[in-house]
Structures are given as C-alpha cells and as structure tokens.
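Visitor: Quick one: the structure is below, questions incoming.
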Amino acid sequence: MMHNFNAGPSVLPKEVFQQASEAILNFNNSGLSILEIGHRTPLFEDVMNEARSLVKELMQLDDDHEVLFLHGGATTQFMQVPMNLLNEQDVAAYTETGTWAGKAIKEAKLFGHVEIVGSSKDTNYTTMPHDLAVPGTAAYLHITTNETIAGTQWHHMPYDCGVPIVADMSSDILSRVLDFNKFDLIYAGAQKNMGAAGVNLVIVNKNILGKVNRSIPTILDYRNHIKEGSMLNTPPVFAVYVAMLTLRWLKAQGGVAAIEAINNKKAEVLYNALEAIPFIKLPIAKEDRSKMNVVFTMDDPQKEAIFMQLCKENGMYGVKGHRSVGGFRISLYNALTMSSVEAMLSLLNEFAQKNG
Ligand SMILES: *Cc1c(COP(=O)(O)O)cnc(C)c1O
C-alpha cells in the first residue's frame, strides 16, 4: 500500500481513479472513450456544465463570478492576469512570499509596475507578511494563499485592502472555507487539490475585465473564454472530466466546510507529533504554517537519510523536501486520508524512539 504525500501532481480519491479509468474505455455507456469524443457534443458539454456548477455551488459564488477551465497551468496565469488587468503605466500590488509569488511578480513586471506591499524575504520565507500597505491606486493586490514550496499559508485574508484581490490558490483551492466572492480573480492549477495536470481553474469577477488599454491576444482574453463557456478552442477534455469527478467527490464528502474540518485535524496531529520530537525542526512560524504542505528538517543529515530510506521501504511517497528547502515536505491535500497521516505518525514515532 502506497501513501502519496507528493506536492503535485498529487493524490486523488480512489473512486476518481476508478471512474476516470472506466471513462477511458467506455464513457457513460456511449461505447466511446472520453479521449475520442468531440468537445462540442452533449456528452462533453454535460461534463463542462457540471464542473462549472459544482465549483459555483461548493464555493458559493455569486453571479458576477465566472468559472473558467483553461489550459496552461497556473504559470500561464502569472502573465495572463496582468495582461488582462494591469495597464503599462499603472501599479499592481504584490506580496512576496516565496517561489511562487516570485514567479508571479516577475511576469507582472512585463506588463506594468509592481509594488511589493508585503514581503517575507527577510525571514527566508518562513513567515507570511501580516500588515500590508496597499495603495488605493493599485490595479489589484496579488497574493499566493499557500506557498507550496516554503510551507506557509495565509490564515487571514486581506479582504479589506480596498482594491480587487487576485489569488493564486493552486495548492489550497477548495481546502477551506473562504469568502470567495471577496476575491476578484482566483486561479489554481488542478493538479494539487482538484484533479489531474492539464487544466487550470480560473474564477473571475466579470466586472473587473475590459479596463486595460492594450490589445489582448484572443486566447488570452478572459472575456472570450467567458463568452464561449471555456470552449474557445478544444478544452483539456480529460483533465476537465477528472476535475469534475473530484468536485463530485468533494460534494459527497459534505463540501468545503466538511473537508476543512478533516484537513485541520490532519495538520494538527502531524504538527503536534513533529513538535514532540526533539531532533525535528519546524522552520515555519507557527501562525503561518501551511495545512497543506508540512515542511520540516532534522538536526542531522544522517538521520534524514535514514528516515528517507524508511519512508521508501514503507510506501511513503513524495516526502522529500523541495531542493531549495531540503528536509521533508508532507503534503496533506483533500484526498489524502487520515489513515495515511496515521501511518506516517507511527513511522515517525517509531523512528524517534530508535534515534532519539
Ligand atoms: C504548483 C504551483 C504553481 C504552478 O502550477 P503549474 O500548473 O505547474 O503552472 C503555481 N502556484 C502555486 C502556488 C503552485 O503550488
């Protein structure tokens, strides 16, 4: 039995794998594979419509917020966001909280001015900035709600910053209840918490669009995707289907509030266990710790090597820390079960007893 703690692509519910593989052979008893059907057919239109309405329902979105399924991963959004929202002479406010925020900042600078309104660079990204000074003239504020590599997460949203809020939620989308209507644009690559790689969820308040004075290439203009219902060109059919199945699963679990309660529990028991082991170091400030990506190191590289080997022998997959951080990273996405967390806990405790 494998326990998949990988940071992304990551674990999905077992039933999603089952259903997705059935659809490859015979989609909805059509006698056709999901991989060969036309995207402009009722067969697929039903999938797209259901995926869209599940997002609206699970996130309780109002009618101003449009739900899109796009290509290109979150990385494409790093440039598509400023291209659609930031004029060349204007300023966008960005928070600098780690690798992913840094990449978003780099792309925004290609389109306009960037003002860093909160940074955790001084702490080597082991904290989140708390007091943001956002100029009222900023086109928008961009935040990265969960820094997947550093292992930090925003626990208080800057809802009252006074300008439109744009959020990269790639690694904590649908993991906790937020006031999603307070965001004007949310984007997330699907492969961390809501499906397979190849599709991007974008939620945009349509009222903020159409205000830049540059020409936007057709495929990069959100308005065209809204008009065409995410079918401007061939959508990533299979990835949208897997996302839809995962959304169905989430609804069956009781929705975002129900999964949040489980996610809180998983993070709590793991952090508590790690804190109790003297040779383990948790680099992230307690109040800024991510509930999705738990990062830790050990006081001795030798111990780390032994524990890594132990993980391998016990089917604990994807626990190696990002190369820029070292140590370990245990990802606790929605589909990771409490029993996988418990298996990790026993391994950790057994290891601590032998090597303490
Ligand atoms: C993984 C990740 C990305 C990049 O996603 P791609 O789909 O690979 O482009 C961006 N932001 C965050 C927070 C991520 O975790």
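The values are calculated or read from the model by the stated rules, or taken from the named source; none is laboratory data. Note that the structure is predicted; figures quoted are calculated from it, not measured. Note that we place each Cβ from the backbone using ideal geometry, even for glycine, and neighbour counts take in every protein chain shown. Just the protein is used for accessible areas: all its heavy atoms, side chains included, with ligands, DNA and RNA removed. Shrake-Rupley method; radii C 1.70, N 1.55, O 1.52, S 1.80 Å.
Visitor: With the checklist (1) more than 17 Å from V166 (Cα to Cα); (2) within 16 Å of the ligand (Cβ to nearest atom); (3) out of contact with any Ser or Thr (no Cβ under 9 Å at 6 or more places or on another chain) in hand, flag the one item Y125 doesn't pass.
Guide: With respect to (1) more than 17 Å from V166 (Cα to Cα); (2) within 16 Å of the ligand (Cβ to nearest atom); (3) out of contact with any Ser or Thr (no Cβ under 9 Å at 6 or more places or on another chain), Y125 is out only on (3).
Visitor: Also, quick follow-up: So which residues in segment 257-307 are open to solvent by less than 10 Å² (accessible area, probe 1.4 Å), part of a helix (DSSP H, G or I) and closer than 27 Å to K354 by Cβ, if there are any at all?
Guide: Within segment 257-307, K266, A267, L270, L274, F307 qualify.
Visitor: Outside the structural domain of V67 (by TED's automatic domain parsing) and touching a residue at least 24 places away in the same chain (Cβ under 8 Å): is that true of A285 in this structure?
Guide: Working: outside the structural domain of V67 (by TED's automatic domain parsing): yes; touching a residue at least 24 places away in the same chain (Cβ under 8 Å): yes.
It is true that A285 is outside the structural domain of V67 (by TED's automatic domain parsing) and touching a residue at least 24 places away in the same chain (Cβ under 8 Å).
Residue-wise test of (1) hydroxyl-bearing (S, T, Y); (2) touching a Phe, Trp or Tyr at 6+ places or on another chain (Cβ under 7 Å).
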| position | (1), (2) |
| --- | --- |
| Y222 | yes, no |
| E228 | no, no |
| P235 | no, yes |
| M244 | no, no |
| Q253 | no, no |
| E260 | no, no |
| N264 | no, no |
| K281 | no, yes |
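Visitor: Please indicate, with yes or no, whether at least one residue in segment 36-44 is within 16 Å of the ligand (Cβ to nearest atom) and either open to solvent by less than 60 Å² (accessible area, probe 1.4 Å) or closer than 30 Å to V341 by Cβ (or both). Spell out the reasoning first.
Guide: Kept after step one, since they are within 16 Å of the ligand (Cβ to nearest atom), are these residues of segment 36-44: none.
No, there is no match, as no residue in segment 36-44 is within 16 Å of the ligand (Cβ to nearest atom) and either open to solvent by less than 60 Å² (accessible area, probe 1.4 Å) or closer than 30 Å to V341 by Cβ (or both).
Visitor: Test V47 against the stated conditions and say whether it is within 16 Å of the ligand (Cβ to nearest atom), modelled with pLDDT of 95 or more, assigned by TED's automatic domain parsing to the domain that holds T137 and of a type in the set (A, V, I, L, M, F, W, C). Don't jump to the end; show me each part of the working.
Guide: On the way: within 16 Å of the ligand (Cβ to nearest atom): no; modelled with pLDDT of 95 or more: yes; assigned by TED's automatic domain parsing to the domain that holds T137: yes; of a type in the set (A, V, I, L, M, F, W, C): yes.
No.
Visitor: Let me spell it out: the conditions are (1) within 14 Å of the chain's Cα centre (by Cα); (2) away from the ligand (no atom under 11 Å from the Cβ); (3) open to solvent by less than 10 Å² (accessible area, probe 1.4 Å), and I165 meets all of them except one. Which number is the exception?
Guide: Just one mismatch for I165, condition (1).
Visitor: Let me ask you something else. Could you grab me the full set of residues in segment 125-160 that are under 23 Å from G112 (Cβ atoms) and either surrounded by fewer than 19 Cβ atoms within 10 Å (Cβ to Cβ) or without any contact (Cβ under 8 Å) to a residue 40 or more places away in the chain (or both)?
Guide: Step one: filter segment 125-160 for residues under 23 Å from G112 (Cβ atoms), giving 129, 132-145, 158.
P129, L132, A133, P135, G136, T137, T145, P158 - these are the residues of segment 125-160 that are under 23 Å from G112 (Cβ atoms) and either surrounded by fewer than 19 Cβ atoms within 10 Å (Cβ to Cβ) or without any contact (Cβ under 8 Å) to a residue 40 or more places away in the chain (or both).
Visitor: From L54, L86, grab the single residue that is in contact (Cβ under 8 Å) with a residue 60 or more places away in the chain and under 18 Å from G136 (Cα atoms).
Guide: Values: L54 fails: under 18 Å from G136 (Cα atoms).
Answer to the check: L86.
Visitor: Which ones in segment 225-256 are assigned to a helix (DSSP H, G or I), of a type outside the set (F, W, Y) and open to solvent by 30 Å² or more (accessible area, probe 1.4 Å)? Break it down into steps so the answer makes sense when it comes.
Guide: We begin by selecting, within segment 225-256, every residue assigned to a helix (DSSP H, G or I); these are 225-227, 237-252, 256.
Restricting the remaining residues to those that are of a type outside the set (F, W, Y) gives 225-227, 237, 239-240, 242-248, 250-252, 256.
Passing the criteria: I226, K227, R248, K251, A252.
Visitor: Do we find that A92 is within 11 Å of the ligand (Cβ to nearest atom) and buried (at least 22 other Cβ atoms within 10 Å of the Cβ) in this structure?
Guide: Here the answer is no, as A92 does not meet what is asked.
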